[in-house]
Amino acid sequence: MDTAATRGKINDMKEKASDLMDQASEFGERFNRTAEDVMRQSRRAIGRMQDSAEDALADTRQNIRRKPFESVAIAAAIGAGFGVLLGYLLGSRDRD
């Protein structure tokens, strides 16, 4: 086998390996940038959700203070509804 041809093939393989390493490095950089963008967007979304939850809680507290009897009645109705639903679901197991 010709040593010059062998050296040429080795050099070609080195170039291909170098190209693959460059591509892998570019992919890693793009992946890291995308991951950072996703984390940043997630943090913002969580912050907005927390703000919304705090606003809803403040509104609920304000409504309870303004209409305490209506609030108790609504809470009792919701609790009774859940109780009836739970009783129906648990009772349907006994019927099967």
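Each reported figure results from applying straightforward, stated rules to the coordinates on display, with no laboratory input. Treat the numbers as computed from the prediction; the structure is a model and nothing was measured. Because the Cβ atoms are built from the backbone with ideal geometry, glycine has one as well, and the counts that use them run over all protein chains shown.
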Q) Magnitude of the Cβ-charge dipole of segment 3-95, K/R +1 and D/E -1, about the Cα centre, nearest 20 debye? A) 280 debye
Q | Cα-based reach from residue 14 at 20 Å (exclusive), listing aspartates and glutamates while leaving out same-chain residues under 8 positions away | A | 2, 22, 26
(Q) Taking the 0 to 90 degree range and rounding to the nearest ten, how far is the long axis of helix 3-66 tilted relative to the main principal axis of the chain, both from C-alpha atoms? (A) 10 degrees
Q) What label, among [x] 70; [y] 75; [z] 54, belongs to percent of Cα pairs over 19 Å apart computed from the structure on display? A) [y]
Q) How far is helix 68-95 tilted, in degrees, relative to the longest principal axis of the Cα atoms in the chain, given as a value from 0 to 90 rounded to the nearest 10? A) 70 degrees
